[in-house]
1. Across the range 1-26, which residue is farthest from the chain's Cα centre (by Cα) among those that are β-branched (Val, Ile, Thr) and surrounded by 13 or more Cβ atoms within 10 Å (Cβ to Cβ)?
2. Can you name the number of the only condition in (1) assigned to a helix (DSSP H, G or I); (2) touching a helix residue (DSSP H, G or I) at 6+ places or on another chain (Cβ under 9 Å); (3) more than 16 Å from Ser54 (Cα to Cα) that Ala4 fails?
3. Just the residues that are more than 23 Å from Ala7 (Cα to Cα) and aliphatic (A, V, I, L, M), please, taken from the range 29-42.
4. Can you pull out every residue in the range 9-56 that is outside any loop (DSSP other than H, G, I, E, B) and among the acidic types (Asp, Glu)?
Amino acid sequence: MSFAGIAKVLSEIRGDEVPYITITDRQYIENWMAEGLPEPVTAFALGWVHGINSGE
């Protein structure tokens, strides 16, 4: 299930919208780097995000 799908299911459970906001790959990496993660770790995690979003 994609992150958008998870947000949809959570919205149905809550009875209130749980937003899913799409960001670019660069924004994803920059956000995590701002939290202190090194770039190679964020790039690795981004690969997981792509896999989840493509249904892997």
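Read-outs throughout are calculated quantities, based only on the coordinates presented, and are distinct from any laboratory measurement. Being a predicted model, the structure only gives us computed values, none of them experimental. We place every Cβ from the backbone using ideal geometry, glycine too, and count neighbours over all the protein chains shown.
1. Once the filter is applied, the top-ranked residue is Val18.
2. Failed condition: (3).
3. Met33, Ala34, Leu37, Val41
4. Glu12, Asp25, Glu30, Glu39
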